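The values are calculated or read from the model by the stated rules, or taken from the named source; none is laboratory data. Please read these numbers as outputs of a predicted model, since none were measured by experiment. Cβ atoms come from the backbone with ideal geometry, glycine included; neighbour counts cover every protein chain shown.
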Amino acid sequence: MAKVFAAIDQRLREWIGRQRMYFVATAPLSGEGHVNVSPKGPIGTLRVLDERTVAYLDLHGSGAETVAHLRENGRIVVMLCAFEGPPRILRLHGSGRVVPSHDPEFADLIERAEFEGSPVEEARRAVIVVEVERVADSCGYGVPLMSYEEERQHLELSSRKRLRAEGPDALERYRAEKNAVSIDGLPAFADHPR
């Protein structure tokens, strides 16, 4: 049976830190737009800033749905599942905002959160800050037990290769060209400086 918590207490914070990955879901206002669910990781890219605020490091990628949806309406849920140990699903519903890498607040958030998991600074597109309005768990009985092997190195290797081959502003150019709008045409990184 689901339990709603008043806030993200120390016990929940520690549980979050032990998970290997998390998921983020957003949707546009239009009923004809595409709902988006994104797997995220490693867990070091997600941080609990206080009992009502989480933030995660948004890394270079092929899409920008989450950013576009947040810029349009702010609705977001962060979900974590226990793939090892006792079953549990935790959902953090809230209102999110995008702090792009060119924003002065970005550096402050990077320092405050002490994110882990992205040694390539140019691959850091933004920090997503979520003001959590609802903290709830559920049984997780349907989530399979899975063994962790290791983190994938593909994002780092791909980012470094692109920077070597195309120059130091290669990822910024990619964002401006490929991450400007969502698949539904909503602005994402359209105003990202080149």
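Which residues, counting only those in the range 26-78, are among the charged types (D, E, K, R) and either in contact (Cβ under 8 Å) with a residue 40 or more places away in the chain or over 28 Å from Glu156 (Cα atoms) (or both)?
Restricting attention to the range 26-78, the residues satisfying the condition of being among the charged types (D, E, K, R) are 32, 40, 47, 50-52, 58, 65, 71-72, 75.
Answer for the range 26-78, where residues must be among the charged types (D, E, K, R) and either in contact (Cβ under 8 Å) with a residue 40 or more places away in the chain or over 28 Å from Glu156 (Cα atoms) (or both): Glu32, Arg47, Asp50, Glu51, Arg52, Asp58, Glu65, Arg71, Glu72, Arg75.
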*For the range 1-34, which residues satisfy the criterion of being aromatic (Phe, Trp, Tyr) and closer than 30 Å to Glu149 by Cβ?*
Trp15, Tyr22, Phe23
*Look through Leu90, Leu49, Leu109 and report the one residue that is touching a strand residue (DSSP E or B) at 6+ places or on another chain (Cβ under 6 Å) and closer than 23 Å to Gly142 by Cα.*
Leu90
_Pick from the range 102-122, criterion among the small types (Gly, Ala, Ser) and modelled with pLDDT of 95 or more, ranking: nearest to Pro42 (Cα to Cα)_ = Ala113
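Of the residues that make up the range 19-32, is at least one surrounded by 10 or more Cβ atoms within 10 Å (Cβ to Cβ) and acidic (Asp, Glu)?
Taking every residue of the range 19-32 in turn, none turns out to be surrounded by 10 or more Cβ atoms within 10 Å (Cβ to Cβ) and acidic (Asp, Glu).
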*Of the residues that make up the range 95-104, is at least one small (Gly, Ala, Ser), closer than 22 Å to Tyr22 by Cα, in a strand (DSSP E or B) and touching a Leu at 6+ places or on another chain (Cβ under 9 Å)?*
yes
*Have a look at Ile16, Ile8 and point out the one that is surrounded by 16 or more Cβ atoms within 10 Å (Cβ to Cβ), assigned to a loop (DSSP other than H, G, I, E, B) and modelled with pLDDT of 95 or more.*
Ile8
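Look through Leu163, Leu155 and report the one residue that is in contact with an Asp or Glu (Cβ under 7 Å, 6 or more places away or on another chain) and either hydroxyl-bearing (Ser, Thr, Tyr) or not in a loop (DSSP other than H, G, I, E, B) (or both).
Working: Leu155 fails: in contact with an Asp or Glu (Cβ under 7 Å, 6 or more places away or on another chain).
Leu163 is the lone residue from the list that is in contact with an Asp or Glu (Cβ under 7 Å, 6 or more places away or on another chain) and either hydroxyl-bearing (Ser, Thr, Tyr) or not in a loop (DSSP other than H, G, I, E, B) (or both).
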